[in-house]
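The values are calculated or read from the model by the stated rules, or taken from the named source; none is laboratory data. On a predicted model such as this, the values are computed, not experimentally measured, just so you know. For neighbour counting, all protein chains shown are included, and Cβ atoms are generated from backbone atoms with ideal geometry for every residue, glycine included. Side chains included, ligands, DNA and RNA excluded: accessible areas come from the protein's heavy atoms. Shrake-Rupley method; radii C 1.70, N 1.55, O 1.52, S 1.80 Å.
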Amino acid sequence: MTTFLKLDSFYSKVNADSDPQGADTGHFNIIRVEDLSVSGNKPPVYSRRDYYKVSLVTGHSKIHYADRCYEINESALVFTNPMVPYHWEPISEIQTGLICIFTEAFFNNFGRLQNYPVFMSAENAVITLTPAQLQQFQDIFSKMQDELNSSYAYKYDLLRNLLMETVHEAQKLQSAYGKPSLGATAHERIAVLFSELLERQYPIELNNQRVALTSASAFADSLNVHVNHLNKALKEITGNSTSQLISNRMLQEAKTLLKNSDWAVSEIAWSLGFDESNHFSAFFKRHTGFSPKQFRQS
């Protein structure tokens, strides 16, 4: 099953001290990639964390999720959250950059990070950067480093603002590449609410846990919109129908469970909302070309 890593386990691999900020105000720190003890020769371990990370990395590496892999050839900005298991694989010997690590408590009474597309799903989380864009984010990270090391009494408020600047600047780049920015129009707001409702059902961690919403009409009812209106909004913003988006997320979770758990196929099928395991097997083979058993053994 997917492992769950605590903040202490991260610092056990870092040749640096953790930030002394107290538990009541959350945790925030900036770590150099060069100070991480990582190896590209180890087998992949897909892990969820109990903290968020924003990584500004340069070097050849890969970010693995259960059903996809993003290759970084030069520089990228990578957003990771406690909900999505992943594995970072350095390819080149030289890896440089900075990692901003923080807990959800750090943002208490400041905002809801999970509402932002970069923290919603894997497909929004990896942003490749041009040299000019790399310099832009290096400047922001340098400011965060300077403030973290300062004695300014309100430095954590300023750090939250700088971190949010990073999020917003990243999302501006996504918008330029055709990805939706946060809720500027009615259709975008519907798309964001749908995505949040969809992601709220995942990940599935216990075999007695079952997704409740599995159809376009069920999501439309929950969002209090007509199913045709929901389809139109999602098609405009994402290019996919409601049913396609539901199936894609369900398929992603199915692959994660098949690869990272020892649950029976029937248990996985039930957890994903299928009353009959043969219906799940047909769904899985239609989308992947493999039966669940073949995929698990591949």
Descending accessible area (1.4 Å probe), largest on the left, turns W88, W263 into W88, W263
Whole-Hz couplings from phi, Karplus 6.51/-1.76/1.60, listed for segment 217-226; x for Gly and Pro
5, 5, 5, 4, 4, 5, 8, 6, 10, 6
If you filter segment 73-167 for trypsin sites (Lys or Arg not before Pro), then keep DSSP loop positions with at most 15 other Cβ within 10 Å, what is left?
R112
Quick one: Debye curve from the alpha-carbon atoms of segment 141-298 only, equal weights, vacuum; give me log10 I(q)/I(0) at q = 0.10, 0.12, 0.17 Å⁻¹ to two decimals.
-0.53, -0.70, -1.00
Can you tell me the equivalent ellipsoid semi-axes for segment 217-276? Use √(5λ) from the Cα gyration tensor, largest first, whole Å.
28, 13, 7
Semi-axis lengths (Å, descending) of the ellipsoid that matches the C-alpha gyration tensor of segment 198-239
24, 12, 7
Can you work out D for segment 177-260 in µm² s⁻¹ from Stokes-Einstein, where Rh is the Kirkwood radius over C-alpha pairs, the temperature is 4 °C and the viscosity is 1.567 mPa s?
96 µm²/s
Scan around F28 for amide H atoms under 5 Å from its own, H built in the peptide plane at 1.01 Å from N, and keep only partners 5 or more places away or cross-chain.
Q21
Hey, can you find the accessible area per residue of segment 78-169 for me, probe 1.4 Å, expressed in square angstrom?
46 Å²
Quick one: what are the phi-derived ³J(HN,Hα) couplings along segment 102-107, Karplus 6.51/-1.76/1.60 with θ = phi - 60°, whole Hz, x for glycine and proline?
7, 9, 4, 4, 4, 9
